[in-house]
Structure formats: structure tokens, C-alpha cells
Amino acid sequence: MDGPGGIDLSAAIAAPGQSPGAISIDIKSVKKRYPATANSAGIVALDDVSLTVKSGEVVVIIGPSGSGKSTLLRTINALEKIDSGTIVVNGDVVTNKATDLPAFRSKVGMVFQHFNLFLHKTAMENVILPQVAVKRRSRAEAEANAGKFLAKVGMLERANNYPSQLSGGQQQRVAIARALAMNPQVMLFDEATSALDPETVGGVLDLMRELAGEGMTMVVVTHEMHFAREVADRVVFMDAGAIVEMGTPEQVFRNAQSERTRKFLSLVG
Ligand SMILES: Nc1ncnc2c1ncn2[C@@H]1O[C@H](COP(=O)(O)OP(=O)(O)OP(=O)(O)O)[C@@H](O)[C@H]1O
């Protein structure tokens, strides 16, 4: 389980209390409606969605634009509030008002399309800061940890660069190191490669593939169908705010049951 930097990360990645095959994420009957505004009618973004993700499982969510994929992902770490239903992540009831959200979010790594790095901080500082601010680690511990994870994503030699000095793919690898340095129990990827130049997409997908191989529980929203085919344990197809179909890549890509799934797949290849 060595990363590109030759570091064994299995201890850092194995989340305490998670046994392989146990349910890690339990989403039940979730409904979410964006209310009407002066300029737009209200939209049902999630229409009675239920999904469980087992510990160590890689679930890839695919579907047309506007089908609710990002909204579903963002409900898992409470970036979106839901109208009804429940979401439990490794025993934390996300939808319970009493849940300490900052503490909960530190256990869930999120990687965004647009990286969300601090632009006026170096790569190293970007990875150090959340560890100190949220995990209350000492600066020395956070720095050692940052070095370890920057090495894992192949960015240690660029540790002192600012985001503006890095390519999109490199910035995304720093963002992944930042998330991993928090020792997350689950990683959520929201179109992590959609904003990248084609030549840098592969490196980020390879890193995601490597994390999957190391047993990280992952939920991935992506338009990269070959990644879904090769890496997913389960593929979920969404349309119009609902899960239309889910199954192994083989089941969904080779033997889709729904006409909507087949039509989508015929369009995206
Ligand atoms: N903040 C918001 N306010 C109002 N409507 C929203 C908001 N965010 C998303 N929506 C709407 O909710 C629906 C689902 O959006 P969502 O971003 O989850 O879709 P998606 O499947 O991730 O799309 P894409 O592949 O284009 O990113 C869409 O109709 C979208 O326009």
C-alpha cells in the first residue's frame, strides 16, 4: 500500500471503528427542494433518494446535468440541508440538529471541482492549516503529516508553491492531500476532474484509483465513464432527482434495465 512517495498509508487511511462491509453511509428517503425565487420556479433536486455505502466501497454517481448528483453528494456532509429523510455517516446522524457539524465534517473529506485552495497560502500551508484549526494538531505534527500526504500525491517538491504557480491537476492533488491529512473516514469527490486540462485529468484519476485500492470509502460524482467502469464497486444512475438504477459496472453499463439509463449511456459512450 505504498503511495507514489513510497509511504505506507494504510494506517492513516483505515478509519477507526470501520470494519470492511459495515454500512458507512446510510441515506434514507431524502427529499430536497430548492424553493422558488423571483427568477426561477422551485426545483425538486432529490426525490425520495435512498442509498447505502459500505465501508471500503467505491460508489460512482452518474447522470445527466441537473439530475441531482452534486446535491446528493453535498447532503452527505451537510453542505446542503434536506427537507425530509435521514443521513447517517459512520454513526453520526448528519440530519440531527444536535450533531456538531464542524467535528463531523472533519471526518468527511470533500474534493470540489474548483479545488477551493487558499490562494495566498503555499501548498504546504494549505495542507497544514485545517489540521491545526480543526483537528487542533500542533504545528510540528501538522507539518510532518502535510509532508507525508503531499509526498503521497506527488507534490512534495512543489510544497512551497502557491496555487497560482501550479496546474489545475497539481492544485487538485494538493486539495486531495489536504483532505487526506484530516484522516477522513469517507471521501466525497464532486466532479474532481471536470475543470482540468485533459492532460492533467489522468494523474488525478490515477490518484483516486489508488485511494480506492487502499480501501478508502468513496462516493464519486463524475462524467468520466471509464473511471466508473473500472473503479466503481457500484454505479448509481440518477435522473430528475431520483436514483433510476444502481448495480455493478457490469450490470449498469452492459445490462441496464431502464430505458433512461440506456439512453444516457448511449449518449456519453
Ligand atoms: N442553490 C441552488 N438553488 C436552486 N436550484 C439549484 C441549486 N443548486 C442546484 N439547483 C438545481 O437542482 C437541480 C440539481 O442540481 P445538481 O447540481 O445537484 O445536479 P447535477 O446532476 O450535479 O448537475 P451537473 O452534472 O450539471 O453538475 C438542478 O435543476 C439545479 O438547477
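If a residue has to be without any contact (Cβ under 8 Å) to a residue 24 or more places away in the chain and closer than 18 Å to residue 186 by Cα to count, how many in the stretch 87-102 make the cut?
Going residue by residue through the stretch 87-102, those that are without any contact (Cβ under 8 Å) to a residue 24 or more places away in the chain are 92-101.
With closer than 18 Å to residue 186 by Cα added as a condition, the list becomes 92-95, 99-101.
Result for the stretch 87-102: 7.
Can you find a residue in the stretch 113-122 that is loosely packed, with under 15 Cβ neighbours inside 10 Å and under 15 Å from the mean Cα position of the chain (by Cα)? Break it down stepwise before answering.
Keep residues of the stretch 113-122 that are loosely packed, with under 15 Cβ neighbours inside 10 Å, which gives 114, 116, 118-121.
Now drop any that are not under 15 Å from the mean Cα position of the chain (by Cα), which leaves 114, 116.
For the stretch 113-122, residues loosely packed, with under 15 Cβ neighbours inside 10 Å and under 15 Å from the mean Cα position of the chain (by Cα): present.
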(Q) Looking at the stretch 229-248 only, could you name the residues that are touching a residue at least 60 places away in the same chain (Cβ under 8 Å), more than 16 Å from the ligand (Cβ to nearest atom) and open to solvent by less than 40 Å² (accessible area, probe 1.4 Å)? (A) 231, 232
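If you take the residues in the stretch 213-226 that are within 15 Å of the ligand (Cβ to nearest atom) and either under 14 Å from the mean Cα position of the chain (by Cα) or closer than 20 Å to residue 168 by Cβ (or both), which one is most open to solvent (accessible area, probe 1.4 Å)? Please lay out each step first, then the result.
Taking the stretch 213-226 first, the residues within 15 Å of the ligand (Cβ to nearest atom) are 219-225.
Now narrow it down to the ones that are either under 14 Å from the mean Cα position of the chain (by Cα) or closer than 20 Å to residue 168 by Cβ (or both): 219-224.
Working: 219: 0, 220: 1, 221: 1, 222: 9, 223: 92, 224: 43 Å².
My answer is 223.
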(Q) Every residue in the stretch 137-161 that is under 17 Å from residue 109 (Cα atoms) and either surrounded by fewer than 18 Cβ atoms within 10 Å (Cβ to Cβ) or β-branched (Val, Ile, Thr) (or both), please. (A) 153
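So, in the stretch 104-155, how many residues would count as being of a type in the set (Lys, Arg) and in contact (Cβ under 8 Å) with a residue 24 or more places away in the chain?
Keep residues of the stretch 104-155 that are of a type in the set (Lys, Arg), which gives 105, 107, 121, 135-137, 139, 148, 152.
Then keep just the ones that are in contact (Cβ under 8 Å) with a residue 24 or more places away in the chain; that gives 105, 107, 121, 135, 148, 152.
Looking only at that region, the number is 6.
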Q: Output the number of residues of the stretch 42-90 satisfying the condition of being more than 13 Å from the chain's Cα centre (by Cα), surrounded by 20 or more Cβ atoms within 10 Å (Cβ to Cβ), assigned to a loop (DSSP other than H, G, I, E, B) and not small (Gly, Ala, Ser).
A: 2
Q: Would you be able to tell me the number of residues in the stretch 165-203 that are in contact with a Pro (Cβ under 9 Å, 6 or more places away or on another chain), charged (D, E, K, R) and at positive phi?
A: 0
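In the stretch 38-63, what residues are among the β-branched types (Val, Ile, Thr) and more than 14 Å from the ligand (Cβ to nearest atom)? Walk me through it before giving the result.
Filtering the stretch 38-63 down to residues among the β-branched types (Val, Ile, Thr) leaves 43-44, 49, 52-53, 58-62.
Listed by number, the residues that qualify are 52, 53, 58, 59.
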Q. Only one of 14, 22 is open to solvent by 50 Å² or more (accessible area, probe 1.4 Å) and modelled with pLDDT under 90; which?
A. 14
Q. Of the residues in the stretch 227-263, how many are assigned to a helix (DSSP H, G or I) and either over 17 Å from residue 69 (Cα atoms) or under 22 Å from the mean Cα position of the chain (by Cα) (or both)?
A. 14
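Would you confirm whether or not the stretch 201-212 contains a residue that is touching a Leu at 6+ places or on another chain (Cβ under 6 Å) and surrounded by 22 or more Cβ atoms within 10 Å (Cβ to Cβ)? I'd like the intermediate steps shown before the answer.
We begin by selecting, within the stretch 201-212, every residue touching a Leu at 6+ places or on another chain (Cβ under 6 Å); these are none.
Checked the stretch 201-212: no residue is touching a Leu at 6+ places or on another chain (Cβ under 6 Å) and surrounded by 22 or more Cβ atoms within 10 Å (Cβ to Cβ).
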Q: Give just the number: which of (1) in contact (Cβ under 8 Å) with a residue 60 or more places away in the chain; (2) more than 8 Å from the ligand (Cβ to nearest atom) does residue 81 not satisfy?
A: (1)
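Is there a residue in the stretch 185-198 that is surrounded by fewer than 18 Cβ atoms within 10 Å (Cβ to Cβ), more than 16 Å from the ligand (Cβ to nearest atom) and over 17 Å from the mean Cα position of the chain (by Cα)? Before you say what the answer is, go through the steps one by one.
Pass one, the stretch 185-198, residues surrounded by fewer than 18 Cβ atoms within 10 Å (Cβ to Cβ): 194-195, 197-198.
Add one more test, that the residue is more than 16 Å from the ligand (Cβ to nearest atom), and what stays is 197-198.
Remaining after also requiring over 17 Å from the mean Cα position of the chain (by Cα): 197-198.
For the stretch 185-198, residues surrounded by fewer than 18 Cβ atoms within 10 Å (Cβ to Cβ), more than 16 Å from the ligand (Cβ to nearest atom) and over 17 Å from the mean Cα position of the chain (by Cα): present.
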Q: Inspect all residues belonging to the stretch 95-107 and state whether any of them is outside any helix (DSSP H, G or I), touching a Lys or Arg at 6+ places or on another chain (Cβ under 8 Å) and within 19 Å of residue 77 (Cβ to Cβ).
A: yes
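The values are calculated or read from the model by the stated rules, or taken from the named source; none is laboratory data. Model, not experiment: these values are computed from the prediction. Positions of Cβ are generated from backbone atoms using ideal geometry, with glycine treated the same way; all protein chains shown enter the neighbour counts. Just the protein is used for accessible areas: all its heavy atoms, side chains included, with ligands, DNA and RNA removed. Shrake-Rupley method; radii C 1.70, N 1.55, O 1.52, S 1.80 Å.
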